[in-house]
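J.: My structure is below; once you've seen it, I'll send some questions.
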Amino acid sequence: LGAKAAPLVGLQWVKGDPFQLEKGFVYVVEFWATWCPPCIQLIPDNTALYKRYKDQGLIFVGITDTGQGQQLKSVQDFVAKQGDRMSYPIAFDRTQKTNIEYVMGTGAVGIPHSVIIGKDGRVAWFGHPLEPQMESTIKDLLLDRFDAKKAALEAEKQAKLATLMNDFNFAIQRGDWDRCL
């Protein structure tokens with residue numbers, strides 16, 4: 001969080017006009033795949049989010065890559081079949097450079113995964129697109145009321161909570177009830 005957003009590189013645009021990140025806009029960069037059921041289920045939500053905020057300065061892009069043998073042609077066919085259901089720009093990361101920066105670089109363990117970039121060109125939030133912090137972060141950034149320090153503290157708290165929950169789940173699986181308590 002707070003790092004300067006890396007440029008979007010190695011992309012082949014499947015839907016929408018090519019663009020580069022510019023200051024003054026809020027970006028949602030979402031990573032997804034045609035073979036990912038949760039990603040596909042989120043398409044209508046992504047479209048609704050994009051339509052709700054695009055006139056206020058939100059730019060939304062869905063990026064997919066060559067993972068699990070996915071090819072450009074299959075992505076093009078998938079996006080064409082979606083029609084207006086998927087009304088935001090889509091890009092294919094043929095080099096996986098953008099994926100490495102934004103997914104692996106944030107420590108994400110899978111997709112769907114979203115990264116929000118603020119008007120200042122810095123990473124303001126990242127995580128699963130269904131987390132409630134995603135939309136509240138977008139609103140705050142668009143209204144120029146985003147508090148980066150508060151967001152960093154919240155992210156730290158969420159990371160600690162995730163670690164505790166993982167420890168708890170492993171303890172349950174092992175039947176280590178003392179550790180659970």
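J.: In segment 142-181, how many residues are without any contact (Cβ under 8 Å) to a residue 60 or more places away in the chain and not in a loop (DSSP other than H, G, I, E, B)?
T.: 27
J.: Which members of segment 44-75 meet the condition of being assigned to a helix (DSSP H, G or I), under 25 Å from ALA6 (Cβ atoms) and touching a residue at least 12 places away in the same chain (Cβ under 8 Å)? Explain how you work it out, then say what you get.
T.: From segment 44-75, those assigned to a helix (DSSP H, G or I) are 44-56, 67-69, 72-75; that's our starting set.
Applying the additional criterion that residues be under 25 Å from ALA6 (Cβ atoms) yields 46, 49-50, 53-54, 56, 67-68, 72, 75.
Those that are assigned to a helix (DSSP H, G or I), under 25 Å from ALA6 (Cβ atoms) and touching a residue at least 12 places away in the same chain (Cβ under 8 Å): ASN46, LEU49, TYR50, TYR53, GLN56, GLY67, GLN68, LEU72, VAL75.
J.: Ok, one more. Given the structure, is GLU30 buried (at least 16 other Cβ atoms within 10 Å of the Cβ) and of a type in the set (Asp, Glu)?
T.: So GLU30 passes the test.
J.: Scan segment 144-156 and give yes if some residue there is in contact with a Leu (Cβ under 9 Å, 6 or more places away or on another chain) and under 17 Å from ILE59 (Cα atoms), otherwise no.
T.: Checked segment 144-156: no residue is in contact with a Leu (Cβ under 9 Å, 6 or more places away or on another chain) and under 17 Å from ILE59 (Cα atoms).
J.: Let me ask you something else. Quick check on segment 87-107: of everything there that is touching a strand residue (DSSP E or B) at 6+ places or on another chain (Cβ under 7 Å) and part of a loop (DSSP other than H, G, I, E, B), which residue is most open to solvent (accessible area, probe 1.4 Å)?
T.: Filtering segment 87-107 for residues that are touching a strand residue (DSSP E or B) at 6+ places or on another chain (Cβ under 7 Å) and part of a loop (DSSP other than H, G, I, E, B), the one most open to solvent (accessible area, probe 1.4 Å) comes out as ARG94.
J.: Looking at ASP17, is it open to solvent by 40 Å² or more (accessible area, probe 1.4 Å) and assigned to a loop (DSSP other than H, G, I, E, B)? Reasoning before the result, please.
T.: Working: open to solvent by 40 Å² or more (accessible area, probe 1.4 Å): yes; assigned to a loop (DSSP other than H, G, I, E, B): yes.
Considered against the rule, which asks whether it is open to solvent by 40 Å² or more (accessible area, probe 1.4 Å) and assigned to a loop (DSSP other than H, G, I, E, B), ASP17 comes out as yes.
J.: Against the condition open to solvent by less than 80 Å² (accessible area, probe 1.4 Å), of a type outside the set (Lys, Arg) and modelled with pLDDT under 95, how does GLY24 come out, does it pass?
T.: It is false that GLY24 is open to solvent by less than 80 Å² (accessible area, probe 1.4 Å), of a type outside the set (Lys, Arg) and modelled with pLDDT under 95.
J.: Now for a different question. What is the number of the single condition among (1) in contact (Cβ under 8 Å) with a residue 12 or more places away in the chain; (2) closer than 13 Å to LEU8 by Cα that ARG122 does not meet?
T.: (2)
J.: Further question on the same structure: When you check ILE116 against the structure, is it hydrophobic (A, V, I, L, M, F, W, C), out of contact with any Gly (no Cβ under 6 Å at 6 or more places or on another chain), in contact (Cβ under 8 Å) with a residue 40 or more places away in the chain and within 18 Å of ALA152 (Cα to Cα), yes or no?
T.: Answer is yes for this residue.
J.: Might you check whether a residue that is touching a Leu at 6+ places or on another chain (Cβ under 8 Å) and more than 13 Å from LEU8 (Cα to Cα) occurs anywhere in segment 82-103?
T.: no
J.: Please state which of the following conditions ASP65 fails to meet, knowing it meets all the rest: (1) at pLDDT below 95; (2) out of contact with any Phe, Trp or Tyr (no Cβ under 9 Å at 6 or more places or on another chain); (3) buried (at least 17 other Cβ atoms within 10 Å of the Cβ).
T.: For ASP65, the failing item is (2).
J.: Let me ask you something else. With at pLDDT 95 or above, open to solvent by 60 Å² or more (accessible area, probe 1.4 Å) and under 15 Å from the mean Cα position of the chain (by Cα) as the only criterion, which of ASP45, ASP77 stands out? Give the steps one after another, and end with the answer.
T.: Working: ASP77 fails: under 15 Å from the mean Cα position of the chain (by Cα).
Exactly one of ASP45, ASP77 is at pLDDT 95 or above, open to solvent by 60 Å² or more (accessible area, probe 1.4 Å) and under 15 Å from the mean Cα position of the chain (by Cα), namely ASP45.
The values are calculated or read from the model by the stated rules, or taken from the named source; none is laboratory data. Values in this document were obtained by computation on a predicted structure and should not be read as measured data. All Cβ positions, even for glycine, are placed from backbone atoms using ideal geometry, and neighbour counts span all protein chains on display. Surface accessibility is based on the protein's heavy atoms, side chains included, excluding ligands, DNA and RNA. Shrake-Rupley method; radii C 1.70, N 1.55, O 1.52, S 1.80 Å.
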